[in-house]
Amino acid sequence: MTESVADAEPAIRIRGLSKTYGRRPGSDGERALKSVDLDVREGEFLVLLGPSGCGKTTLLRCIAGLELPSEGSIAIGGRPIFDTSRKLDVSPERRPVSMIFQSYALWPHMTAYKNVAFPLKCAGVGRAEIKVRVQAVLDKVGIGQLGQRYPGQMSGGQQQRLALARALVVDKQVVLFDEPLSNVDAQVREKLRIELIRMQRTLGFTAIYVTHDQTEAMELADRIAVMSQGRIAQLDAPKAMYASPQNLHVARFLGQSNEVEFVVKEYDAQRRRVTGVASIGPVVADWHGGTDEPAPEPEQTWVAFGRPLDFTLSREPAGASAAPNRWTGTVEAVRFVGLYTETVVRVGEARFRCWSMPQTAGSVPDAAEADVSDGEEVVVTATGLRAMREA
């Protein structure tokens, strides 16, 4: 019988991982990681996403062995490499992982061949075997003919391939990426993402990639782990996370959002629907909380959340916006943004971003398609709003 994904041994298993900095007598210190549990599947491309200080790089460095966790355990391929209960801490060079840093950390005075050969020499591999393995991995990543070039003579994409070749030459199961594209300009970065995805799919290694760039995360990941204050706020596939964020931190960090703060008046438990009143008018939103989460209660303050594509514009007679999720506002700006036209509408103290796509598939949107202009009064209608609370 074929083993299911759910039953298969994960490439990486992390349980109860915590990291505290600056712990002194009388002080609890700063907790960078707070009892993190995480399974990374074999051959998966997992992205750790979050703002500075959320714990994503600390988690990556703990897996690599460059940081010593305060508590918890890490296993790779079923083999424990760190466990506080067993006083186990496998040294970085003995862990089946490689790491690629922001700058790629290539030796500028060494040729591509020597850069890749260096870790094998350190491991005591013989010269003949080094020659075979280095050439094989350079061929795998598509730069087999560039072995005698220096990093400074290579393009950004070629340097990325070289860094990956050096990471793979020692037969590591897992490759860790610490924001390797953060110093590359936007156009080159987009090309390198595509190259990286292709190489990871072709070579089949398990990847964990740290970034604060939501677009990068969406393009690269099989799954995204959004981190907040040392914890994983949500772990899911990019499309599912974008459509169904579990909390406001994830909703705000992954993509553009519109929000309406409102006071709850009624909660329909059967339909899981919340009715309330905002300063701009009546609101109706769906609640997607779990069975262990407290349901909305009357007079509580909640937030109705939606994406810009969930907000549409129309011209209607005065008073037509008295229904829930329909508000009269004033157009502040209309602008062309590549694949869509964005219209910004002010409704009372709220400001909504509304996106309209081209009417004909494959055509380029035009600002005129919004059919509104600055200063014009319009009715904004929101669909599919989700009720959420501040953490």
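Values quoted throughout were computed directly from the atomic coordinates according to the rules given, and no laboratory measurement underlies them. Because the structure is predicted, anything quoted here is derived from the model rather than measured. Note that each Cβ is placed from the backbone with ideal geometry, even for glycine, and that neighbours are counted across all protein chains shown.
Tabulated data
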{"quantity": "Residues with amide H under 5 Å from that of GLN234, placed H, sequence gap 5 or more", "calculated": "VAL226"}
{"quantity": "J(HN,Hα) series, region 272-281, from Karplus relation 6.51 cos²θ - 1.76 cosθ + 1.60, nearest Hz, glycine and proline x", "calculated": "6, 10, 10, 10, x, 10, 10, 5, 9, x"}
{"quantity": "Cβ crowding within 10 Å averaged over residues, with 92-98, 224-230, 148-154, 51-57 ranked highest first", "calculated": "224-230, 51-57, 92-98, 148-154"}
{"quantity": "Value of [θ]222 nm, deg cm²/dmol, for the chain, DSSP H segments ≥ 4, -39500 (n - 2.57) each, nearest 500", "calculated": "-6500 deg cm²/dmol"}
{"quantity": "Taking the chain and dividing mean pair separation by its residue count, relative contact order in percent (alpha carbons under 8 Å, at least six apart)", "calculated": "14"}
{"quantity": "Of GLY55, GLY144, GLY157, farthest towards positive along the dipole that unit charges on Lys, Arg, Asp, Glu beta carbons give the chain", "calculated": "GLY144"}
{"quantity": "Under 22 Å, Cα to Cα: Lys pairs in the chain, sequence gap 8 or more or different chains", "calculated": "18"}
{"quantity": "Pairwise label distance in nanometres, GLU219 with ARG389, each label 7 Å out on the Cα-Cβ vector", "calculated": "3.9"}
{"quantity": "Most mobile listed residue (ALA123, ALA251, ALA167) in the chain, GNM with C-alpha springs under 10 Å", "calculated": "ALA123"}
{"quantity": "Under the Debye formula (equal points on every Cα, no solvent term), log10 I(q)/I(0) of region 250-296 at q = 0.27, 0.30, 0.33 Å⁻¹", "calculated": "-1.04, -1.08, -1.13"}
{"quantity": "Equivalent ellipsoid semi-axes, region 95-228, via Cα gyration tensor eigenvalues times 5, rooted, Å", "calculated": "25, 17, 13"}
{"quantity": "Residue order, fewest to most beta carbons within 10 Å, for LEU66, LEU181", "calculated": "LEU66, LEU181"}
{"quantity": "Crossing angle, helix 186-203 versus the chain [Cα axis fit, 0-90 degrees, rounded to tens]", "calculated": "60"}
{"quantity": "Alpha carbon centroid spacing (whole Å) that separates region 92-139 from region 28-66", "calculated": "26"}
{"quantity": "Region 75-166: C-alpha pair distances exceeding 24 Å, %", "calculated": "31"}
{"quantity": "Exposure proxy ranking, count of Cβ atoms within 10 Å, fewest first, for ARG86, ARG161", "calculated": "ARG86, ARG161"}
{"quantity": "Taking only Cα atoms of region 219-321, radius of gyration then Dmax in Å", "calculated": "15.8, 50"}
{"quantity": "Percent breakdown of C-alpha pair distances by 10 Å bin, ordered from the shortest bin, for the chain", "calculated": "5, 19, 24, 22, 17, 10, 4, 1, 0"}
{"quantity": "Cα centre as origin, Lys/Arg/Asp/Glu Cβ charges: the chain dipole, Debye", "calculated": "2000"}
{"quantity": "Förster radius 45 Å - calculated FRET efficiency between GLN256 and VAL132 (Cβ-Cβ, nearest 0.05)", "calculated": "0.35"}
{"quantity": "Magnitude of the charge dipole, region 256-388, Cβ model with Lys/Arg +1 and Asp/Glu -1, debye to 20", "calculated": "160"}
